[in-house]
């Protein structure tokens, strides 16, 4: 593309040139940092997504060079394309900051805030959003809504109460799999993601709905309650897979593979593979290959995101030195007891993912069970 | 007596059938229009100043001229008969009594826009009207007004009636299009506008029933003649469906030159407030427009008389005015409780929100819960400010106008009737047994005099 065809757009007083047809959000992401508006529903790899969550609202203070009028309302930056000479205000507009705080409050209104028992915690976009753009308290004093539980089969766990209805999983099922078996039922604040008649989701690429879900509404049943994401170490790995690219990210602790996901970029979206296509992975890679020797490990992966999971990588970390020996002038530390021998909690024979709900002492109390 | 253009013949016996309608001068506009060039018809409608009768009041001729005309792509006209706004029932009356008028308008508009397949999207609750319309379409077809090669002009047109499934949101034009395509009725994100990408991604014009029916007199009389009726930019006649505490609820055709006071109290129209009560408030244009207290209803904030037309009703903006909207005129007498009324509306919008975008999905439910607690005497003073803050954060931040429609009634109720809300909070037990009454809402407004 020649130089003249590029559009000049100014976002928060930073001017860049982008190709025509780029959305304001994508332009802001190419600047990066605080200038990029948060996006909960937009997913650049899914056609038709975006415009629903309203967290990416920005103010357009100048429409374009030809038509300098400002836009009357705040616009969803993910679905508004840039014009030449457009001026956009994101964090520099008090209107936007105010509206965004409102949207965050709305999104958290009926959210259960069960982060301590949620598998998504640590890599949850709603946590990040609330932390960065929300207020400390809520003004909502009523009971939060609940839903009838739906079972989506052996792989995918649905927690409808956590859902923010971003529609990403609906687009994923439409665009990646042969047939979509789930969708949005009902309307308004009772609308829910479900299969109308209880049915399991087992299409070949349906596991990707877990990756696109910004919150903990769709989680991996094979990883359920096994570990916190920030304790596991992400490594890039690949295997020879007949159905998908086979390039994935393993979340390991020691030699154990706790879960397998697609590789994601700093916006939480699936990275493109070498051929330029999004690197979605198939169900077999995601759910069945949980042994380290199924995979060829390439090395630790860098997580370039601001959430807690960014703490879990190896790169740039100094290995801590053993200080006790130094402090105790050469004396080795002595164990009083091995906690694992005496603890009643450490029962590897109990499969935590089969328990409906968080584990309590009752689960481990074998004498009581008998 | 005012001018009547749409309902003039509505009470002729047998007007629902083709023969009587034709003998009363029906389908003259089609004969006239099909001899004109399509662009001239659009020009004629532009000249008439006809504004959309569905609520927003956008000039119909302008809307028609925006339609994209790419080569080889069919265009469509869609008639929005999904009249679900609480308080509005004018389209129902028109379609029930004089269905051929709509069909006639549709044929003219289809010819002007080049639509060979025209759809009437009718709300599911109007089940019996579907039969009336389909009978009218069949009669029109038998007499050569529809089908192939109409009046030997080479123009083909078919009209199909599609029933909705009972969703208010499907009255929003892009949600209507989605629903017409057989999908979930979620509004689309604009742009692209329907004039560029509408039904099946083809250029589409969506117009209200009354707008399309009004095309008939526009063509018969000529645009300039039509523009002489009415006042200012409010041209022609408007159907008003009046309801609430009035003596004569019903559908009235007005020529937009009468005052609000005359409309409510004259024998020709509403016939005054029922049971000799006094008027407390009124929603002049369907449930989603701001409610006005009696003193601001008859006189604007500047002390001028308020008339039943687009400009006068919206005089003063949202601070002291309202909107013409869809013409659902709801009158509340002194015994009505504004808090309960607002709660009822909030409940409606909560139920009808499509759930697509977060401010509307979560905000409407929140407002409903707060209003319910105030109504049942469990409210706090801070709740009123909270309500204000919620509506402010919904308005303008949603995909479609339903968010605004849910926010405006709440905003206007607090703006004008704040002391009634406060009374509910301060008298939690009394408010369950007694209403706040008229209070000072009909008192003369002090108009500041400039030196």
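Quick one: B:31, A:181, fewest Cβ neighbours within 10 Å first, how do they rank?
Details: B:31 11, A:181 18.
Fewest to most other Cβ atoms nearby, the residues stand as B:31, A:181.
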Expressed in µm² per second, the diffusion coefficient of chain A from the Stokes-Einstein equation, with Rh the Kirkwood radius over alpha carbon pairs, at 4 °C and 1.567 mPa s, is 56 µm²/s
Note on segment B:285-354: contact order normalised by length, alpha-carbon pairs under 8 Å, 6 or more apart, percent, works out to 35 percent
Most fluctuating of A:208, A:356, A:90 in the GNM of chain A (C-alpha, under 10 Å) is A:356
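Averaging sequence separations of C-alpha pairs under 8 Å and six or more residues apart, then dividing by the length of chain A, give the relative contact order as a whole percent. The partial results should precede the final answer.
On the way: 648 pairs, mean separation 45.4, N = 370.
Taking the mean separation of contacting Cα pairs over the length of chain A, I get 12 percent.
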The helix A:94-109 Cα axis meets the longest alpha-carbon principal axis of chain A at an angle in degrees, between 0 and 90 and rounded to 10, of 40 degrees
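Specify, per residue and in Å³, the volume enclosed by the convex hull of the alpha carbon atoms belonging to the protein assembly as shown. Mind showing how you got there, number by number?
Working: hull volume 201.8 nm³, N = 821.
So the per-residue hull volume is 246 Å³.
Using the number of other C-beta atoms within 10 angstrom as an exposure proxy, rank B:184, A:263 with the fewest first.
Working: B:184 17, A:263 20.
So the ranking, lowest neighbour count to highest, is B:184, A:263.
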Rounded to the nearest 10 degrees, the helix B:358-375 long axis (Cα) sits at an angle to the longest Cα principal axis of chain B of 40 degrees
A correct fewest-to-most ranking of A:79, A:168, B:278 by other Cβ atoms within 10 Å would be B:278, A:79, A:168
FRET efficiency (residue A:117, residue B:440; Cβ distance; R0 41 Å; to 0.05) is 0.15
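What percent does the relative contact order of chain B come to when contacts are Cα pairs within less than 8 Å and at least six residues apart?
Numbers: 923 pairs, mean separation 71.8, N = 451.
In percent, rounded to a whole number, it is 16.
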With Cα coordinates, the longest principal axis of chain B makes an angle with the long axis of helix B:38-48, in degrees rounded to 10, of 30 degrees
Comparing A:190, A:159, A:238 in a Gaussian network model of chain A (Cα, 10 Å), the one with the largest mean-square fluctuation is A:190
Candidates A:36, A:310, A:136; GNM for chain A (alpha-carbon contacts under 10 Å) flags as most fluctuating A:136
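Coordinate-derived values only; no laboratory data. Just so it is clear, the model here is predicted, and its values are computed rather than measured. Virtual Cβ from ideal backbone geometry, glycine too; neighbours counted across all protein chains shown.
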